[in-house]
Amino acid sequence: MQTNGRVNGKVAVVTGGALGIGKACAQMLAREGAAVAVTDVLDDAGRQVVDEICNEGGTVRYWHLDVSDEPEVARVMREVKEAFGPITVLVNNAGIAGTDKPTHELTAEEFDRVIDVNVRGVFFCTKHALPQMMAVKKGSIINLSSIYGLISAPDVPPYHASKGAVRLMTKTDALIYAKDGIRVNSVHPGFIWTPMVEGFLRGKGGDLETGRKMVGDLHPLGHMGDVDDIAYGVLYLASDESKFVTGTELVIDGGYTAR
């Protein structure tokens, strides 16, 4: 494993680490020297990520974690500390797209499911990682929001609401915990080619490659991003290179929101 050691000695938890952006973040952080807890509800895929990182010589373990289940979150955070030491990096990546219906057709259950994972999940994981960070007076919390935490679109109302909430939760916690040496920032990806985006496009019907090109063309750079585009941003925020950065939004969107 070749590494510059940009996060040597750090203990990182990545939620939703089995696929897509989460997987890329886990691999990147491990490659750069962190001990990484990969967490997800997709156990087979999560363990495969761990095997891949182990084969590269990284320090990593897998935990099953439903971020909407607070007792489970609390237990996993304790177990990560027992395995690796105090958590100093938390990547709140786990999220779902939810139901694509106009607001007047949504059920409470459909709305609540997205909020449970995308908002309460960030709250629970942050809540139970913070005491470990406070004890060592350092930490970086990185919340995956979206371009749709900054602007909106006429679809998936619960998803847009959830990502807007994550953006403001980030700023609030940045202000509260700055005195404890803990930084909190949000990352706002444009469309990245992940299983979530692929599923979203399949749900729209039509040819997948045509849909991919059409969505790519929405970005001034003319294409979708790759998962490593986001992972490099997360690595920066996890590292001490960003020691003067907190409460801010790192927008990685190919120019989508520049209009």
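Bear in mind that the values in this text are calculations on the coordinates, not laboratory data. Since the structure is predicted, the reported quantities are computational estimates derived from the model, not experimental observations. Heads up, the Cβs are rebuilt from the backbone with ideal geometry, glycines too, and the neighbour counts pull from every protein chain shown.
Highest GNM mean-square fluctuation, the chain, Cα pairs closer than 10 Å: which of LEU150, LEU237, LEU221?
So, out of LEU150, LEU237, LEU221, the one fluctuating most is LEU221.
Arrange the following residues from fewest to most other Cβ atoms within 10 Å of their Cβ: ASP228, ASP40. Don't jump to the answer; show the numbers that get you there.
Values: ASP228 15, ASP40 27.
Lowest count first: ASP228, ASP40.
Normalised radius of gyration for the stretch 1-110, please: alpha carbon Rg relative to 2.2 N^0.38 Å, two decimal places.
Values: Rg = 15.4 Å, N = 110, 2.2 N^0.38 = 13.1 Å.
Against the compact-globule rule of thumb, the ratio is 1.18.
Please list, or write none, the lysines whose alpha carbon is within less than 25 Å of the alpha carbon of LYS23, excluding same-chain residues fewer than 8 places away.
Within the straight-line cut-off, LYS23 pairs with LYS10, LYS81, LYS127, LYS138, LYS163, LYS213, LYS243.
In a Gaussian network model over the chain where Cα atoms closer than 10 Å are linked, find which of LYS138, LYS163, LYS101 has the largest mean-square fluctuation.
Looking only at LYS138, LYS163, LYS101, the largest GNM fluctuation is found for LYS101.
Sort 47-58, 181-192 for me by packing, meaning the mean count of neighbouring Cβ atoms within 10 Å per residue, highest on top.
Working: 47-58: 16.4, 181-192: 24.0.
Top to bottom by mean Cβ count within 10 Å: 181-192, 47-58.
Using only the alpha-carbon atoms, how far is helix 195-204 inclined from the longest principal axis of the chain? Give it as 0 to 90 degrees, nearest 10.
Approximately 10 degrees, to the nearest ten.
I want the local charge near ALA37. Using Cβ-Cβ distances under 9 Å, sum +1 for each Lys or Arg and -1 for each Asp or Glu among the other residues.
Numbers: positive: ARG61; negative: GLU79.
Charge balance in the 9 Å sphere: 0.
For the stretch 100-177, run through the GluC sites (Glu not before Pro) and keep only the ones in DSSP coil with at most 16 other Cβ atoms within 10 Å of their Cβ.
Working: sites: GLU105, GLU109, GLU110; in loops: none.
Answer by residue number: there is no such site.
Normalising by the residue count of the stretch 88-209, find the relative contact order in percent from Cα pairs under 8 Å and 6+ residues apart. Write out the running numbers ahead of the final one.
Details: 170 pairs, mean separation 37.0, N = 122.
The value is 30 percent.
Output the relative contact order of the chain, whole-number percent, from Cα pairs under 8 angstrom with separation of 6+ residues.
Details: 530 pairs, mean separation 49.4, N = 259.
Computed over the chain, the figure is 19 percent.
I want to check the label-to-label distance for THR172 and LYS243. Put each point 7 Å from Cα in the C-beta direction and report it in nm to one decimal.
Those two pseudo-labels are separated by 3.0 nm.
Compute, for the chain, the length of the dipole vector about the Cα centre, with Cβ point charges of +1 (Lys, Arg) and -1 (Asp, Glu) only. Units Debye, rounded to 20. Show your work: numbers first, answer last.
On the way: 26 positive and 33 negative charges, 193 e Å.
Dipole about the Cα centre, nearest 20: 920 debye.
Taking the Cβ of VAL197 as the centre, find all other residues whose Cβ is under 12 Å away and add up their charges (Lys, Arg: +1; Asp, Glu: -1).
Details: positive: ARG202, LYS204, ARG212; negative: GLU198, ASP226.
With Lys, Arg at +1 and Asp, Glu at -1, the neighbours total +1.
Just to be sure I understand: with springs between alpha-carbon atoms less than 10 Å apart, which residue in ALA24, ALA135, ALA165 has the highest mean-square fluctuation in the Gaussian network model of the chain?
Of ALA24, ALA135, ALA165, the Gaussian network model singles out ALA135 as fluctuating most.
On C-alpha positions alone, give me the angle between the axis of helix 70-84 and the longest principal axis of the chain, in degrees, nearest 10.
With both axes taken from Cα atoms, the answer is about 40 degrees.
Where does the chain land at 222 nm, in deg cm²/dmol rounded to the nearest 500, when only DSSP H runs of n ≥ 4 count, each adding -39500 (n - 2.57), divided by all residues? Walk me through the intermediate numbers first.
On the way: 9 runs with 116 residues, N = 259.
It lands at -14000 deg cm²/dmol.
Among (1) 1.07; (2) 0.95; (3) 1.05, which is the computed Rg/Rh (Cα atoms, Kirkwood Rh)?
(2)
Would you be so kind as to identify which of MET224, SER186, GLY205 lies farthest towards the positive end of the dipole of the chain, taking Lys and Arg as +1 and Asp and Glu as -1 on Cβ and the Cα centre as origin?
The residue sitting most towards the positive pole is SER186.
Give me the angle, in degrees from 0 to 90, between the Cα long axis of helix 20-31 and the longest principal axis of the Cα atoms of the chain, rounded to the nearest 10.
Taking Cα atoms only, the helix is inclined about 20 degrees.
Provide the per-residue ³J(HN,Hα) series for the stretch 240-248, in order, calculated from phi with Karplus coefficients 6.51, -1.76, 1.60 and θ = phi - 60°, each as a whole number of Hz, with x at glycine and proline positions.
With coefficients 6.51, -1.76 and 1.60, one gets 6, 4, 9, 4, 10, 10, 8, x, 10 Hz.
Calculated FRET efficiency, ARG202 and CYS54, Cβ-Cβ r, R0 25 Å, to nearest 0.05? Could you put the intermediate results ahead of the total?
On the way: r = 32 Å, r/R0 = 1.29.
It comes to 0.20.
Count charges around THR103 for me, please; just the other residues with Cβ under 12 Å from its Cβ, Lys/Arg as +1, Asp/Glu as -1. Intermediate values should be presented prior to the final figure.
Values: positive: LYS101; negative: ASP100, GLU105, GLU110, ASP155.
Computed value for this residue: -3.
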